[in-house]
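The values are calculated or read from the model by the stated rules, or taken from the named source; none is laboratory data. As the structure is a computational prediction, the values presented were derived from the model and not from experiment. Positions of Cβ are backbone-derived with ideal geometry, glycine not excepted, and every protein chain shown enters the neighbour counts.
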Amino acid sequence: MLSIGMEPDISSLAALISEPARGRILIALLDGRSLPATELAQRAGITRQTASSHLAKLTEGQLLRVIPQGRHRYYRIANARVAELLESMARFTPLKIGRPEPKSPIQIARTCYNHLAGTMGVRIAEAIVGRGLLREVGRDYQLTKKGAQWFSELGIDIEDLRKSGRVFARQCLDWSERRNHIAGALGSALTEYLFEQGWIEHVRESRAVQITSLGRSELKLRLGLDDR
């Protein structure tokens, strides 16, 4: 049992994240990219000087890390645990009740640190489970024999993923859909494959992702996904 002096300082972490500008900075970096202070200031709607102060606090709090490149400094989420924390917090935001609004590009498809999230990520996960390639077991996905062959045909090395030291395939509750998408080593490998094959692509200056015409045809062929 923790003594009073050993209790985790949750309030300090909450205060660090709860400041609106810092929250916007963290969300802007949630796709795993590294961005300079100037761009983060623009995304947060604050001055460069104010952004520098916030970035220093987030770095000191070990939520961000700095990557020096020549005369420039880039910032990124410190690690996957921080990204998971931020996505987990987003799931607790209240759902809007009333007339449904059109989904934003971020809600339709986005990168969640290094795996695919949003409506597209959820639909792909459900199609993969529906076809018996993965099965839901507790908090994780379990690869079936049929699934092992399917992923191998995509060129994804299952054995290498199992040796990576990461969780193999985790059910990640999507904050915008309130349903699961695929996280873990397998989710990352699948997302990387989709980008490499040109099935999906980043929307410029955004965490949003869009499916390409090639991606539509391939996902329909391989997983039976339609255009809705």
Strands (runs of 3 or more DSSP E) within segment 41-154 that include 2 or more residues basic (Lys, Arg) and farther than 21 Å from residue 186 by Cα: 72-77
Tally, over segment 202-215, of residues that are at pLDDT 95 or above and of a type outside the set (A, V, I, L, M): 3
Criterion violated by residue 31 - all others in (1) part of a helix (DSSP H, G or I); (2) surrounded by 15 or more Cβ atoms within 10 Å (Cβ to Cβ) satisfied: (1)
Flag if residue 173 is buried (at least 16 other Cβ atoms within 10 Å of the Cβ) and of a type in the set (A, V, I, L, M, F, W, C): yes
